[in-house]
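As structure tokens, the structure follows; a few thoughts come after it.
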2 protein chains.
Amino acid sequence: MSAQVYLVDDDEAIRDALGWLLQSRGFACVPHASGEEFLAAWSPQLAGCLLLDIRMGGISGLQLFDRLLELGNALPVIFLTGHGDVPMAVSALKKGAFDFVEKPFNDKELLDRVQEALRIDAARRASAANSESLNSRLERLTVRERQIMELILAGKFNKVIADELQISMRTVEVHRAHLFEKMGVRTAVELSQLMTARR
Amino acid sequence: MSAQVYLVDDDEAIRDALGWLLQSRGFACVPHASGEEFLAAWSPQLAGCLLLDIRMGGISGLQLFDRLLELGNALPVIFLTGHGDVPMAVSALKKGAFDFVEKPFNDKELLDRVQEALRIDAARRASAANSESLNSRLERLTVRERQIMELILAGKFNKVIADELQISMRTVEVHRAHLFEKMGVRTAVELSQLMTARR
DNA sequence: CGATTAATTGTGGATATCCACAATCGCCCG
DNA sequence: CGGGCGATTGTGGATATCCACAATTAATCG
């Protein structure tokens, strides 16, 4: 799934004009005529950004935005509006919208914002992919291994861990080796960095 | 230096009214009649938040905001304006303003925003204090100790570190013990968490 | 029931770490 | 010049870790 610029606007003239502009600059554009239509096509895997008109028939851009937030949307959203007011813009940005642009807009400026949004999204996805792979590795750990990992991350010696869990040191060593293997680390320090880095 | 609500507005009536409102709700308020005046009083140590009118004689609220950004201001800024437009609000928020409120405003809403801003600032300062203390500990390390710390954080054994630095293992052990002592950690895992957590 | 998986434990040896006790060398400062 | 500091090294012993080889028990699953 490569990056797309999703465009939701109920005005066909705008869809055509913006679509053309984007394509001409090398951005793949996917137009939708309504919020409902986009919502039906949406999936968490979509990559790119979303250009969203606020005033539309059917559900409004703001309503669509809220719905997408609930669904866990990660696409950066650039609002387009001819009739925005300040509270609307403030609220949208504080909820996490990427930008809020008033029509008529300057082509170059919009393209810059699109490019920046695509960059952000790519970076976010790359980092999400990392933490996905981390999570999948974590899920492969058995309960006991996770439990022992916690104690290792608390800086405890195998001996102490064995005491606390009332098991032999040898068993701790085995679990430790297994979880290092599964997590793809060679030392406790690497494990700690892996776990600490992920916020 | 305890938390204050700094208020910059060239309209005395507003300063009085807002000042009274804030005081009555238990917020300590420090009014200034101009951007220049606040700038002269500003220091990086100020704690609290800043209520900033946009349209003022002398330098404008937006100019003051930009200047404060250059100076490394950490105070959350809540803009107050009677004549804001959308691009202005968008730009301010994207530069990191905490909020952007149009006059006339609802008292309770403004107070909520102030409280939230104070909370954010307190949290930010607490975390900054941590990283300050971390930095001061880091500065107490000798060059050699820092160098060895890097290698420890790379997950290398004392033996390997000794080889790479062309010194004896014993020396590495000594430095290692010293830097652990100075950094206040007992194990390499704790050190790693300390260093990794601070972005 | 036979296979698989997780948890558990043991032995023993090779490596590493931790640390007290001790010492040398070079540099800068009052 | 004597003292302090940082870097360096050594010895030796107590602890820990790493790991190959080996095995038992309990639970789950087709």
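The values are calculated or read from the model by the stated rules, or taken from the named source; none is laboratory data. Since the structure is predicted, the reported quantities are computational estimates derived from the model, not experimental observations. Using ideal geometry, Cβ is built from the backbone for each residue, glycine included, and neighbour counts are taken over all protein chains shown. The accessibility values were calculated without ligands, DNA or RNA, using every heavy atom of the protein model including side chains. Shrake-Rupley method; radii C 1.70, N 1.55, O 1.52, S 1.80 Å.
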*Exactly one condition in (1) open to solvent by less than 60 Å² (accessible area, probe 1.4 Å); (2) within 30 Å of B:F65 (Cα to Cα) is not met by B:R124; state its number.*
(1)
*Do we have any residue at all in region B:149-159 that's free of Cβ contacts under 8 Å to residues at least 12 places away in the same chain, open to solvent by less than 50 Å² (accessible area, probe 1.4 Å) and outside the structural domain of B:A17 (by TED's automatic domain parsing)?*
yes
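Conditions tested, residue by residue: (1) assigned by TED's automatic domain parsing to the domain that holds B:R119; (2) more than 20 Å from the chain's Cα centre (by Cα); (3) assigned to a loop (DSSP other than H, G, I, E, B); (4) over 29 Å from A:I78 (Cβ atoms).
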{"position": "B:P31", "(1), (2), (3), (4)": "yes, yes, no, yes"}
{"position": "B:E37", "(1), (2), (3), (4)": "yes, yes, no, yes"}
{"position": "B:A40", "(1), (2), (3), (4)": "yes, no, no, yes"}
{"position": "B:L46", "(1), (2), (3), (4)": "yes, no, yes, yes"}
{"position": "B:L51", "(1), (2), (3), (4)": "yes, no, no, yes"}
{"position": "B:R55", "(1), (2), (3), (4)": "yes, yes, yes, no"}
{"position": "B:I59", "(1), (2), (3), (4)": "yes, yes, yes, yes"}
{"position": "B:F79", "(1), (2), (3), (4)": "yes, no, no, no"}
{"position": "B:A89", "(1), (2), (3), (4)": "yes, yes, no, no"}
*Among what's in region B:67-114 and is more than 10 Å from chain A (Cβ to nearest Cβ) and acidic (D, E), pick the residue that is surrounded by the most Cβ atoms within 10 Å (Cβ to Cβ).*
B:D107
_Please count how many residues of region A:152-174 are under 22 Å from B:F157 (Cβ atoms) and in a helix (DSSP H, G or I)._
10
*For region B:28-48, state whether one or more residues are touching a His at 6+ places or on another chain (Cβ under 7 Å) and open to solvent by 70 Å² or more (accessible area, probe 1.4 Å).*
no
*Considering only residues that are more than 9 Å from chain B (Cβ to nearest Cβ) and assigned to a helix (DSSP H, G or I), look in region A:179-193 and name the one that is surrounded by the most Cβ atoms within 10 Å (Cβ to Cβ).*
A:L179
*Among the residues of region B:148-173, which ones are more than 14 Å from chain A (Cβ to nearest Cβ) and either more than 8 Å from DNA strand D (Cβ to nearest atom) or touching a strand residue (DSSP E or B) at 6+ places or on another chain (Cβ under 8 Å) (or both)?*
B:D163, B:E164
